[in-house]
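Notes follow the structure.
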């Protein structure tokens with residue numbers, strides 16, 4: 001088992017490992033999201049499902065030799081989670097900014113909301129960048145250039 005795993009990772013470029021880190025960050029974002037917003041008004045099932053399941057296409061497609069396609073699918077799913085969360089929490093963020101203007105402080109949940117948004121956006125950007133970079137050493141069709 002260990003030999004197979006070493007053989008799998010032997011021909012990978014750094015972009016693959018960045019995409020793998022983005023996959024784990026997507027999974028962690030989903031866990032953080034459900035932990036912070038369980039039972040709250042800001043909880044959205046599509047956000048949780050898109051963020052939680054976004055790492056699966058990357059892992060499956062990487063196993064079948066298509067990590068760039070997996071990165072692209074993961075980027076799309078995480079970005080969809082980001083958009084769903086932003087659309088669901090926009091009014092809350094707007095109200096918190098108005099509250100800050102009046103009282104010079106934010107509620108603690110505001111920072112949870114911003115942290116989750118940043119985690120989702122960073123994950124989507126990382127996965128998108130990795131989708132354009134070659135992730136396997138010497139594989140045909142891995143580079144858009146040349």
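Given the conditions (1) more than 30 Å from residue 5 (Cβ to Cβ); (2) surrounded by 17 or more Cβ atoms within 10 Å (Cβ to Cβ), report the number of the one that residue 91 does not fulfil.
Tallying (1) more than 30 Å from residue 5 (Cβ to Cβ); (2) surrounded by 17 or more Cβ atoms within 10 Å (Cβ to Cβ), residue 91 fails exactly one: (2).
On the given criteria, is residue 117 surrounded by 15 or more Cβ atoms within 10 Å (Cβ to Cβ), closer than 18 Å to residue 131 by Cβ and at pLDDT 90 or above?
Details: surrounded by 15 or more Cβ atoms within 10 Å (Cβ to Cβ): yes; closer than 18 Å to residue 131 by Cβ: no; at pLDDT 90 or above: yes.
In short, no.
Out of all the residues in the stretch 55-67, which are surrounded by 16 or more Cβ atoms within 10 Å (Cβ to Cβ) and in a loop (DSSP other than H, G, I, E, B)?
The one that is surrounded by 16 or more Cβ atoms within 10 Å (Cβ to Cβ) and in a loop (DSSP other than H, G, I, E, B): 66.
Would you be able to tell me the number of residues in the stretch 1-54 that are part of a helix (DSSP H, G or I) and closer than 14 Å to residue 80 by Cβ? Give the derivation first.
Start the filter on the stretch 1-54 by keeping residues that are part of a helix (DSSP H, G or I), which leaves 2-10, 14-37, 45-53.
From what's left, closer than 14 Å to residue 80 by Cβ: 26, 29-30, 33, 45-53.
Looking only at that region, the number is 13.
Do you know which residues across the stretch 20-54 are modelled with pLDDT under 90, surrounded by 14 or more Cβ atoms within 10 Å (Cβ to Cβ) and out of contact with any helix residue (DSSP H, G or I) (no Cβ under 6 Å at 6 or more places or on another chain)?
32, 37
So which pairs qualify, if the first residue must be in the stretch 51-74 and touching a residue at least 60 places away in the same chain (Cβ under 8 Å) and at positive phi, the second must be surrounded by fewer than 20 Cβ atoms within 10 Å (Cβ to Cβ) and not in a helix (DSSP H, G or I), the Cβ gap must be under 9 Å, and the two must be at least 6 apart or on different chains?
As it stands, the answer is 65/136; 65/139, since those pairs meet every condition given.
Six or more apart or on different chains, Cβ under 8 Å: which pairs go from a residue in the stretch 126-146 that's at negative phi and surrounded by fewer than 17 Cβ atoms within 10 Å (Cβ to Cβ) to one that's in a loop (DSSP other than H, G, I, E, B) and at pLDDT below 70? Could you list them?
132/144
The values are calculated or read from the model by the stated rules, or taken from the named source; none is laboratory data. Note that the coordinates shown come from a computational prediction; the quantities given were computed from them, not determined experimentally. Neighbour counts run over all protein chains shown; Cβ positions are idealised from the backbone, glycine included.
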